[in-house]
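Below you'll find the structure, written out as structure tokens, and then a few comments.
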Amino acid sequence: MVVADQSLLPMLMYGNKVPDSTDEYANWYIRFATNRLGLAYTSQSKYAAEIGSANWYEVLSRPDVKVGISDPRIDSCGYRAFMACQLAEDYYSDNTILERVMGDFSPPITVSDNLGSHVIAVPETVKPKKVIMRGYSVQLLGLLESGDLDYSFEYESVAKQHGLGFVELPAEIDLSSRDFADRYGQVTVKMDFQRFASIDPEFRGEPIQYALTIPTNAPHTNAALQFVEFLLGADGQRVFLESYQPTLDLPEADNPANMPARLQSLLEQ
């Protein structure tokens, strides 16, 4: 199991029992890669010659600019886009950025503030009136290339892999830097509907970290172990480098004592 948001693994797998078993689906994971959030675009995108890290939200607010996001209910890039826009309001001292960039939704996506922290509540039904939304961020790439979108919130690695332009956002809002972890943590996205009540999904802003684990009920554990060894070994690291995917200097484990013994050495390379 590999995810672009490490918080999903303990949320969905820790404490949840495999049917007819006392085992949790997982009780360890390894963080191994990171990324930064920004805006993908093409040379044909409106105002491509003038957009940058200082004015991106002004460009995206213009009525003739088409902006794409992925569904925040099912894709980490989607809820991170909302985090970035909310963080931008504090960074640029402009409390209209989230509304201007994202526009209205029906029913509305709401933001509540409490002592400097912000909670963005996403309802069960999300119908945007301004932005163009697709289930996953990669589904927006074709719309960019066809000209049906001018910009979409994407990870830097994805933009580079597809030969797209990429607007870098300040590190204070792009969810890439551990130096700003406290700042990121001032924003939370909450899935505010009953279907997810049993796991209470709240995503607190934090530096982007990809993670993996092997479920305890995996049918081919040895193959999974071999894959993890490849992924985190020298050959896998070379593939990441060639694919513009940034990795952590050294993989980090949650509950390392629970990891399979043969993976322990990967944390010490």
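Nothing in this text is a laboratory measurement; each read-out follows from the coordinates by a stated rule. Here the structure is a predicted model, which means the values were calculated and not measured. Note: ideal-geometry Cβ built from the backbone for every residue, glycine included; neighbour counts use all protein chains shown.
Points worth noting:
- Listed residue pairs exceeding 28 Å between alpha carbons, taken from Lys17/Lys127; Lys130/Lys190; Lys17/Lys160; Lys46/Lys160: Lys17/Lys127; Lys17/Lys160
- Residue order for Ser61, Ser112, fewest other beta carbons within 10 angstrom first, comes to Ser112, Ser61.
- Net charge, Pro215 excluded, C-beta distance under 10 Å - Lys, Arg +1, Asp, Glu -1: -2
- Residues Lys127, Lys46, ranked from the fewest to the most other C-beta atoms within 10 Å, line up as Lys127, Lys46.
- Between Leu12 and Asn222, the modelled label-to-label distance comes to 2.8 nm, taking each label 7 Å out from Cα in the direction of the beta carbon.
- Highest-first arrangement of 64-71, 175-182, 260-267, where packing means the average Cβ count within 10 Å: 64-71, 175-182, 260-267
- Most mobile of Leu212, Leu241, Leu144 in a GNM of the chain (Cα contacts under 10 Å): Leu241
- The packing ranking, built from the mean of other Cβ atoms within 10 Å per residue, places the peptides 128-136, 152-160 in the order 152-160, 128-136, highest first.
- DSSP beta bridge pairing in region 37-204, given as percent antiparallel to the nearest 5: 65 percent
- Around the amide H of Asp192, modelled in the peptide plane, lie the amide H atoms of Val122, all under 5 Å away and 5 or more residues distant in sequence or on another chain.
- Look at the dipole of region 37-204 built from charges on Cβ: of Asn55, Ser146, Ala171, the Cα furthest out on the positive end belongs to Ser146.
- 3J(HN,Hα) from dihedral phi, region 16-25, Karplus parametrisation 6.51/-1.76/1.60, rounded to Hz, x for glycine, proline: 8, 8, 5, x, 6, 8, 9, 7, 6, 4
- Dimensionless Rg ratio for the chain, taking C-alpha atoms and the 2.2 N^0.38 Å reference: 1.05
- Rounded to the nearest whole Hz, the Karplus-based 3J(HN,Hα) values (6.51 cos²θ - 1.76 cosθ + 1.60, θ = phi - 60°) of region 223-237 follow the sequence 5, 5, 4, 4, 5, 4, 4, 5, 4, 9, x, 4, 5, x, 5, with x at glycine and proline.
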